[in-house]
Each structure stands twice: as C-alpha cells, then as structure tokens.
Amino acid sequence: MKSLHIMATALLAVSSLAAVCSCTSKENAQTTEITPGNFVIEGTLPANRYDSACLYLVPMQGPHPRPVDSVFISADGKFRFEGNVEQMAALRLSMSQRYGIQDLLVCTEPGLTRVALDSVSNCIEGTPQNMILQQWKELLQQYSVDNLKLRQLSKAGAPDEVVNHYSDSIREAMGNNLYDMLMSQGRKTVTIF
C-alpha cells in the first residue's frame, strides 16, 4: 500500500512538472522552428503594457464551442501560438484588457505568421491565407475611407446622379476586389469562412 502511495505521488509530481515546463516554453518561445504540418503565430503587443496578460486564440466557426488556446504575454510584449488544427480564429485579450487593442482575424494554416496587435492590428508576414485576410482588411479600410468621401460629397450638395454614380463605383470595386481575392485562393478555410 505504501509503494502505491509513493508511485501515485511520483506520478503526480512528474505530471505537474511536465505541465509547468510546457506552459513556460510555450509562452516564452520566439523561434521560427515549426513542426511540419503545424501553424505558428508569433506576434507582439506594445511592450511593458501587457506583461503577463493572457492572450486568447478564439475559434470563429462551428456549431459547438471549440477549445480556446491561450498564452501569457512576455515582458517584451511577445507571444507565440502553435498547433495543428486549421481554422479561422481571432486573437484577443481578455475583456478587461482589450481597450485600445484591435482583435485580429487569423487562419491557423500550416506555416509561420507574424502579427502586430495594437490599436490597428495587422498581419506583418505570413501564410497565403493570412496575407489574403490582411488584403481584405486593407480593402475594408479603403472602403470606409471611400464611404466617408461619399457622405461628404452628399453633404456638400452634389447632384444625386454624381452621388449615386460614386456610390455604385465604390460598391462595384469592393465586390470585384473581394471576389478576385477569394477566387485566387480556391476552396480553402478563408474562402469557406
């Protein structure tokens, strides 16, 4: 009976040590080594503002809740996620720390993706699907700028036909650009999403 107690205690100690080591290496790892078939998302947040904050990789689709991955931000603002499930997900801080940091939509496809989370979050470099998401984001930003110009044009008293023509051209350009971007990817996770 005593040997069973010692064995259970030893097993508990080893499993606790393994859990601590895996968390430590995951949160502090900042290398470009990637296990074949895995995704790696490395990134930064403003240094010294989010030290030890928890960042989440939240799945964005599916009828049932999927596991949410998380890492602690290092003192220099760096983080790293790694896994082997391809899906659409959002990088986001906890609700209490989210103010001033924009969530970022990412695809966890195999390969390395580098991101910068800030008031405007961006994919700096990455896999083909993540670069398409960055292009889509930039396209939406331009669409917002064009719509602001449209409202200013309308407020300035421009004739309805000029306003309507400008409005139609904005929507057509947005639709065509989005369609072309998605068609260039074929049937992949980002286009299905």
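The values are calculated or read from the model by the stated rules, or taken from the named source; none is laboratory data. Treat the numbers as computed from the prediction; the structure is a model and nothing was measured. Glycine gets a Cβ as well: all are built from the backbone with ideal geometry, and neighbour counts include every protein chain shown. Heads up: the accessible areas ignore ligands, DNA and RNA and are worked out on the full protein's heavy atoms, side chains in. Shrake-Rupley method; radii C 1.70, N 1.55, O 1.52, S 1.80 Å.
Anything in segment 80-100 that is more than 12 Å from the chain's Cα centre (by Cα) and either under 14 Å from Leu133 (Cβ atoms) or not basic (Lys, Arg) (or both)? List them, or say none. Full working, then the answer.
Residues of segment 80-100 more than 12 Å from the chain's Cα centre (by Cα): 82-86, 94-100.
Glu82, Gly83, Asn84, Val85, Glu86, Ser94, Met95, Ser96, Gln97, Tyr99, Gly100 - these are the residues of segment 80-100 that are more than 12 Å from the chain's Cα centre (by Cα) and either under 14 Å from Leu133 (Cβ atoms) or not basic (Lys, Arg) (or both).
Just the residues that are of a type outside the set (Gly, Ala, Ser), in contact with a strand residue (DSSP E or B) (Cβ under 8 Å, 6 or more places away or on another chain), open to solvent by less than 30 Å² (accessible area, probe 1.4 Å) and in contact (Cβ under 8 Å) with a residue 60 or more places away in the chain, please, taken from segment 41-54.
Start the filter on segment 41-54 by keeping residues that are of a type outside the set (Gly, Ala, Ser), which leaves 41-42, 44-46, 48-51, 54.
Of the ones still in play, those that are also in contact with a strand residue (DSSP E or B) (Cβ under 8 Å, 6 or more places away or on another chain) are 41-42, 44-45, 50, 54.
Within this subset, residues satisfying the condition of being open to solvent by less than 30 Å² (accessible area, probe 1.4 Å) are 41-42, 45, 50, 54.
Answer for segment 41-54, where residues must be of a type outside the set (Gly, Ala, Ser), in contact with a strand residue (DSSP E or B) (Cβ under 8 Å, 6 or more places away or on another chain), open to solvent by less than 30 Å² (accessible area, probe 1.4 Å) and in contact (Cβ under 8 Å) with a residue 60 or more places away in the chain: Ile41, Glu42, Leu45.
For segment 116-168, enumerate the residues that are open to solvent by 70 Å² or more (accessible area, probe 1.4 Å), part of a helix (DSSP H, G or I) and under 21 Å from Arg80 (Cβ atoms).
Pro128
So which residues in segment 75-106 are of a type in the set (A, V, I, L, M), open to solvent by 70 Å² or more (accessible area, probe 1.4 Å) and modelled with pLDDT of 90 or more, if there are any at all?
Looking only at segment 75-106, we keep the residues that are of a type in the set (A, V, I, L, M), and these are 75, 85, 88-91, 93, 95, 101, 104-106.
Filter again for open to solvent by 70 Å² or more (accessible area, probe 1.4 Å), leaving 85, 95.
Scanning segment 75-106 gives a single hit, Val85.
With respect to Leu112, is the statement that it is in a helix (DSSP H, G or I), under 20 Å from Val85 (Cβ atoms) and in contact (Cβ under 8 Å) with a residue 12 or more places away in the chain true?
Values: in a helix (DSSP H, G or I): no; under 20 Å from Val85 (Cβ atoms): yes; in contact (Cβ under 8 Å) with a residue 12 or more places away in the chain: yes.
Judged against the criteria, Leu112 is not a match.
Check segment 60-74 and report whether any residue there is part of a loop (DSSP other than H, G, I, E, B), under 14 Å from the mean Cα position of the chain (by Cα) and buried (at least 16 other Cβ atoms within 10 Å of the Cβ).
Start the filter on segment 60-74 by keeping residues that are part of a loop (DSSP other than H, G, I, E, B), which leaves 60-68, 73-74.
Now narrow it down to the ones that are under 14 Å from the mean Cα position of the chain (by Cα): 60-61, 68.
Pick out the ones that are also buried (at least 16 other Cβ atoms within 10 Å of the Cβ) and you get none.
No, the conditions are met nowhere in segment 60-74.
For segment 91-103, check the following and say yes or no: at least one residue is of a type outside the set (S, T, N, Q) and over 18 Å from Arg49 (Cα atoms). Don't jump to the end; show me each part of the working.
The first filter runs over segment 91-103 and keeps only residues of a type outside the set (S, T, N, Q), leaving 91-93, 95, 98-101, 103.
Those left that are additionally over 18 Å from Arg49 (Cα atoms): none.
Checked segment 91-103: no residue is of a type outside the set (S, T, N, Q) and over 18 Å from Arg49 (Cα atoms).
For every residue, the table says whether it meets (1) more than 19 Å from Tyr99 (Cα to Cα); (2) modelled with pLDDT of 90 or more; (3) touching a Ser or Thr at 6+ places or on another chain (Cβ under 7 Å).
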site	(1), (2), (3)
Ser16	yes, no, no
Ala29	yes, no, no
Ile34	yes, no, no
Tyr50	no, no, no
Cys54	no, yes, yes
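Could we say that Ser144 is within 26 Å of Arg49 (Cβ to Cβ) and either hydroxyl-bearing (Ser, Thr, Tyr) or at pLDDT below 85 (or both) here?
No, not satisfied.
Could you give me the residue pairs with C-beta distances under 6 Å whose first residue belongs to segment 168-183 and is at pLDDT below 80, whose second residue is open to solvent by less than 100 Å² (accessible area, probe 1.4 Å) and of a type in the set (A, V, I, L, M) wherever it lies, and which are 6+ apart or on separate chains?
Qualifying pairs under 6 Å: Asn177/Leu139; Met181/Ile132.
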